[in-house]
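*Asks:* Here it is: the structure, laid out below.
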Amino acid sequence: MVAVTEEIEFQGHIIDSSILPKALDTIIDMKGSFEILRLDVGKKKKDESYCRILVRGPSKLFAELENQGALLPRTEVKTRAAPRDGVLPDNFYGTTPHPTRVFLKGRWREVKDIEMDCIIVIDKGKPVCRRQGIVRKGDRIVTGFAGVKVEPPQRSRSPANIFGFMSSTVSPEKPVNAMIKDLAREMKKIHDRNGSIIHVMGTAMAHTGADKALQDLIGLGYVQALFTGNGFAVMDVEKQLFGTTLGMDGRTGRVLMSGYKSHLIAINEIRKAGSIRKAVDKGVLKSGVLFDCVTKKIPFVIGGSLRDDGPLPDTISDVMRAQDEMRTFVRKADMCIICASMLHGIAVGNMLPSRVKTIAVDINPYVVTRLQDRGTTHALGLVTDPAIMLPRLVREIQFLESGIPE
């Protein structure tokens, strides 16, 4: 294997954000060597640090360092044409969720719509992030790591910031009530500047009655998009028609006689109407989360899966098409709240740029860990019952909206 020698640079809050120590560990782990040529450490909290390092090692080492934020010598980005639809050239560049630029025609240009595990296409002279499945023959695909610069977000300097850096410890012993108060403040900041908050909801939210709190958030203007699966959507409809979820009475918790059939009837009623929106217009669906989304013009995406009954006519069974529909809202998101939904949560997490504040809530610590550790630098994991957490969150937001001083 041919060794490469390059001078690389790091700049910013590279010490307290652990960027520099991680880079040095990477060099050693990948059988490289280094010499620190210059190190200027910031003297005050707001001061940035700078480090210039001479590195020798395999070419793949520099690709990894570049993904960690290293500044490599300015070199025009390299591209190759896609040989066929959906096929990438060898040595294609794979994206991270962090802000990324490419050195194109003598200057750094930001890559649009960045997300992890995709590629960069130079489209009409502009770098754009795209998933592999929509690449077409002849598209100019960025290859290698030369001329690519990744900018990992760095640790917040505010001691009041509740979002951990890269990954905070997940534990049921965290002060959940205090964190809910802080989360409500963060959400109000986003709301007050007309930002976007996406909610990803699992079926447990309908089973446990937490859907009422979600409706309250919709009414308060704290939901700009809803992502869910066919299961939650069907339960939401069934609950409005029969007061049950999968035949279980919402008041007594008992499974009613012949209740197993209720969700199928719910699906059938929406199918007869033609869609959820048409069911609302025709008076078939008169309340519920999806009713509120329709009447308040909140977009929702229902992504399908192999286990779906029906499905509802609004359920997008083509998962790639469901992904692309979600992307239209993900790109505008400032915050994403994931409650009791591991599979949809991970799917959405993979699409989120690292700048988006992400909250993962589940009673199972394993689920929270999986959802939180998706590459975001602004992640909050709460190991608690979402059915208890969401109503508390609503109360905190209502208190903030009242304007009463704390």
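The values are calculated or read from the model by the stated rules, or taken from the named source; none is laboratory data. Since we're looking at a predicted model, the values are computed, not measured. Side chains are part of the model used for accessible areas, which takes the heavy atoms of the whole protein and leaves out ligands, DNA and RNA. Shrake-Rupley method; radii C 1.70, N 1.55, O 1.52, S 1.80 Å.
*Asks:* Over the chain, what is the mean sequence separation of C-alpha contacts under 8 Å (at least six apart), divided by residue count, expressed as relative contact order in percent?
*Replies:* Rounded, it is 15 percent for the chain.
*Asks:* Let me ask something else. Quick one: Cα centre-to-centre distance for segment 37-57 and segment 189-209, in angstrom?
*Replies:* 41 Å
*Asks:* In whole Å, what three semi-axes, largest first, describe the equivalent ellipsoid of segment 302-345 built from its Cα gyration tensor (square root of 5 times each eigenvalue)?
*Replies:* Working: eigenvalues 84, 38, 13 Å².
For segment 302-345, the ellipsoid semi-axes come out as 20, 14, 8 Å.
*Asks:* Excluding same-chain residues fewer than 8 positions from Lys286, which aspartates and glutamates have a Cα within less than 18 Å of its Cα?
*Replies:* Once the sequence-local aspartates and glutamates are set aside, what remains near Lys286 is Asp211, Asp216, Asp236, Glu238, Glu269, Asp314.
*Asks:* Here's another thing I want to ask about it. Viscosity 1.002 mPa s, temperature 20 °C: what is the translational diffusion coefficient of the chain from Stokes-Einstein with a Kirkwood Rh over Cα pairs, rounded to a whole number of µm²/s? Intermediate values should be presented prior to the final figure.
*Replies:* On the way: Rh = 23.4 Å.
Once the numbers are plugged in, D ends up at 92 µm²/s.
*Asks:* Can you pull the three principal axis extents for the Cα set of segment 213-359, in Å, largest first?
*Replies:* Principal-axis extents of the Cα atoms in segment 213-359, largest first: 49, 34, 30 Å.
*Asks:* Solvent-accessible area per residue for the chain at a 1.4 Å probe radius, Å²?
*Replies:* 49 Å²
*Asks:* How many angstrom separate the Cα center of segment 75-99 from the Cα center of segment 269-288?
*Replies:* Each part reduced to its Cα centre gives a spacing of 45 Å.
*Asks:* Report, ordered by chain and residue number, the lysines lying within cross-link reach of Lys188, taken as a straight Cα distance under 23 Å and ignoring same-chain residues fewer than 8 apart.
*Replies:* Lys174, Lys212, Lys296, Lys297, Lys332, Lys357
*Asks:* What translational diffusion coefficient, to the nearest whole µm²/s, does segment 1-83 have by Stokes-Einstein, given a Kirkwood radius computed over alpha-carbon pairs, a temperature of 10 °C and 1.306 mPa s viscosity?
*Replies:* Using the Kirkwood radius from Cα pairs, D works out to 116 µm²/s.
*Asks:* Counting just the Cα atoms, what span does segment 41-110 cover along each of its three principal axes? Round to the nearest Å and put the largest first.
*Replies:* If we take the Cα atoms of segment 41-110, the spans are 53, 28, 24 Å.
*Asks:* Of all accessible surface on the chain at a 1.4 Å probe, what whole percent is carbon and sulfur?
*Replies:* So the carbon and sulfur contribution to the accessible surface is 51 percent.
*Asks:* Using only alpha carbon positions, build the gyration tensor of segment 188-233, then give the equivalent ellipsoid semi-axes as the square roots of 5 times its eigenvalues, largest first, whole angstrom.
*Replies:* Each semi-axis is √(5λ); the values are 22, 11, 7 Å.
*Asks:* How long are the semi-axes of the ellipsoid equivalent to segment 83-158, from square roots of 5 times the Cα gyration tensor eigenvalues, in whole Å, largest first?
*Replies:* Numbers: eigenvalues 108, 39, 21 Å².
Its equivalent ellipsoid spans semi-axes of 23, 14, 10 Å.
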